[in-house]
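Below are the structure tokens for one structure; questions will follow.
The values are calculated or read from the model by the stated rules, or taken from the named source; none is laboratory data. All of these numbers come straight from a predicted model, not from anything done at the bench. Counting neighbours? That spans all protein chains shown, and the Cβs are built from the backbone with ideal geometry, glycine included. With ligands, DNA and RNA removed, areas are computed over all heavy atoms of the protein, side chains included. Shrake-Rupley method; radii C 1.70, N 1.55, O 1.52, S 1.80 Å.
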Amino acid sequence: MRTEAPFRHGTPQKTAVLLVNLGTPDNADTPSLRRYLKEFLSDPRVVEIPKLIWWIILNGIILQIRPKKSAAKYATVWTDEGSPLMAIGKRQVRVLSEAFKARRWDVRVELAMRYGNPSVASRMDQLRKDGYDRVLVFPLYPQYAAATTASVFDAVFDWAKPVRNIPELRLVKHYHDHPAYIHALAESVRKHWQINGRPNFEGGDVLLFSFHGVPEMTLLKGDPYHCECYKTARLLVEELGLQKGDYRVTFQSRFGKAKWLEPYTDKTLEALGKAGTKRIDVMCPGFMADCLETLEEINQEGREDFQHAGGGEFHYIACLNDSELSAAMLSEITAQHMQGWPVDMGYEESMALELAESRKLALEMGAQ
């Protein structure tokens, strides 16, 4: 067991929200990608292949080839602030903190990455050191999957194993059908259409929802991800008032030779291009922040697939990122999950006499 930080009787309880996203390499270079990919692809939640066989494939083949290729892709979207996922994540912390202040809530917000830095363990350590004994863990994955959300929970539980005085924990499992999430997505589409015009659905234009793919066998083994993606799409279509032929649901980012969830995004974009589709609008509802998979895979490679095949206009609708819509959604969902926790500003002052009396009694009983 770890040694606990010194405790002072009469200390008020404090609340924090830990936003957790997938992760990012520290830099867009081969060594950084090798470290990142090794951690990511070594997670048994991510790759469900017998450990010894996968270790040989990962270290003998993949980590010898893929880091250089991935580094080149990251270089095309890297910013002065670092990776888009990290830069946007920091801004999401800021806008959610401001939303809490507007509610007059005293809640700290931190960001962690499941793979790479800052790690879940390091952020939890800092929160415990700073006296936070109530933590809401909020994975930034709207749809639950064992390879994403459950892996975040693993990281939290692994951190907690050697901790003697574990903080009160609450975990957000999913919010794929939460009204605030669906509303935010719909409004982001409407705002895009206000600026760029509405697609001519009667003329064959398409709105495409591209979700991150997972191996098909995970669905067959009971993972609800596939169903939750389709429910998100259905609710979003209803909110936007679309008809059946106006949209498509696809899955991107295949890896390896196994069959993944279909239909595939790249194949669909190519087919729509060959069919002479005049305009396609693409959004990625499963991503809360733009990253390599949206900015490079969709807005660069996907655009090329579609237009090279003969398609017309290609519009990418950005993720919610750190928008006002995102802040309102995150604030509403966290509020729901923190019900019963005293988070109002002024709570500490209102408890001052009770805390002082509690400390006095503890000292009288011999507390140090």
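Checking residue 173 against (1) in contact with a Ser or Thr (Cβ under 8 Å, 6 or more places away or on another chain); (2) open to solvent by less than 50 Å² (accessible area, probe 1.4 Å); (3) at negative phi, which test does it fail?
So residue 173 meets the others, but not (2).
I've got another one for you. Among the residues of segment 178-199, count how many are open to solvent by less than 60 Å² (accessible area, probe 1.4 Å) and charged (D, E, K, R).
Residues of segment 178-199 that are open to solvent by less than 60 Å² (accessible area, probe 1.4 Å), as a first pass: 178, 180-182, 184-189, 192-193, 197, 199.
Okay, now just the ones that are also charged (D, E, K, R), so 187.
Total meeting the criteria: 1.
Could you list, in sequence order, the residues of segment 144-165 that are buried (at least 16 other Cβ atoms within 10 Å of the Cβ) and over 23 Å from residue 221 (Cα atoms)?
Of everything in segment 144-165, those that are buried (at least 16 other Cβ atoms within 10 Å of the Cβ) and over 23 Å from residue 221 (Cα atoms) turn out to be 156, 159.
Right, here's the next one. Going through segment 1-35 one residue at a time, which ones are modelled with pLDDT of 95 or more and open to solvent by 20 Å² or more (accessible area, probe 1.4 Å)?
22, 26, 27, 28, 29, 30, 31, 34, 35 - these are the residues of segment 1-35 that are modelled with pLDDT of 95 or more and open to solvent by 20 Å² or more (accessible area, probe 1.4 Å).
Next question, about the same structure. For the condition in a helix (DSSP H, G or I), free of Cβ contacts under 8 Å to residues at least 12 places away in the same chain and of a type outside the set (D, E, K, R), what is the one hit in 122, 151, 188?
122
Here's a follow-up. With the condition being open to solvent by less than 20 Å² (accessible area, probe 1.4 Å), I'd like the helices (runs of 4 or more DSSP H) fully within segment 200-319 carrying at least 3 qualifying residues.
225-240, 265-274
Given the residues 290, 281, 305, 322, which is the only one that is free of Cβ contacts under 8 Å to residues at least 40 places away in the same chain and out of contact with any Phe, Trp or Tyr (no Cβ under 6 Å at 6 or more places or on another chain)? Walk me through how you get there before you give the answer.
Numbers: 290 fails: free of Cβ contacts under 8 Å to residues at least 40 places away in the same chain; 281 fails: free of Cβ contacts under 8 Å to residues at least 40 places away in the same chain; 322 fails: free of Cβ contacts under 8 Å to residues at least 40 places away in the same chain.
Just one listed residue meets the conditions, 305.
Go through segment 270-296 residue by residue and tally those that are touching a helix residue (DSSP H, G or I) at 6+ places or on another chain (Cβ under 8 Å) and closer than 27 Å to residue 88 by Cα.
Within segment 270-296, residues that are touching a helix residue (DSSP H, G or I) at 6+ places or on another chain (Cβ under 8 Å) and closer than 27 Å to residue 88 by Cα number 15.
Looking at 139, 118, 84, can you tell me which residue is at pLDDT 95 or above, under 19 Å from residue 25 (Cβ atoms) and in contact with a strand residue (DSSP E or B) (Cβ under 8 Å, 6 or more places away or on another chain)? Before you say what the answer is, go through the steps one by one.
On the way: 139 fails: under 19 Å from residue 25 (Cβ atoms); 84 fails: in contact with a strand residue (DSSP E or B) (Cβ under 8 Å, 6 or more places away or on another chain).
Result: 118 is the single residue among 139, 118, 84 that is at pLDDT 95 or above, under 19 Å from residue 25 (Cβ atoms) and in contact with a strand residue (DSSP E or B) (Cβ under 8 Å, 6 or more places away or on another chain).
Within segment 125-141, track down each residue that is surrounded by fewer than 21 Cβ atoms within 10 Å (Cβ to Cβ) and assigned to a strand (DSSP E or B).
Listed by number, the list holds a single entry, 134.
Which members of segment 190-202 meet the condition of being closer than 14 Å to residue 242 by Cα and either out of contact with any strand residue (DSSP E or B) (no Cβ under 6 Å at 6 or more places or on another chain) or of a type in the set (Gly, Ala, Ser) (or both)?
Across segment 190-202, the qualifying residues are 190, 193, 198, 200, 201, 202.
Among the residues in segment 160-172, are any within 27 Å of residue 228 (Cα to Cα), under 19 Å from the mean Cα position of the chain (by Cα), in a loop (DSSP other than H, G, I, E, B) and not polar (S, T, N, Q)?
Taking every residue of segment 160-172 in turn, at least one turns out to be within 27 Å of residue 228 (Cα to Cα), under 19 Å from the mean Cα position of the chain (by Cα), in a loop (DSSP other than H, G, I, E, B) and not polar (S, T, N, Q).
Mind checking whether some residue in segment 64-85 is touching a helix residue (DSSP H, G or I) at 6+ places or on another chain (Cβ under 7 Å), surrounded by fewer than 16 Cβ atoms within 10 Å (Cβ to Cβ) and part of a helix (DSSP H, G or I)?
Yes, because at least one residue in segment 64-85 is touching a helix residue (DSSP H, G or I) at 6+ places or on another chain (Cβ under 7 Å), surrounded by fewer than 16 Cβ atoms within 10 Å (Cβ to Cβ) and part of a helix (DSSP H, G or I).
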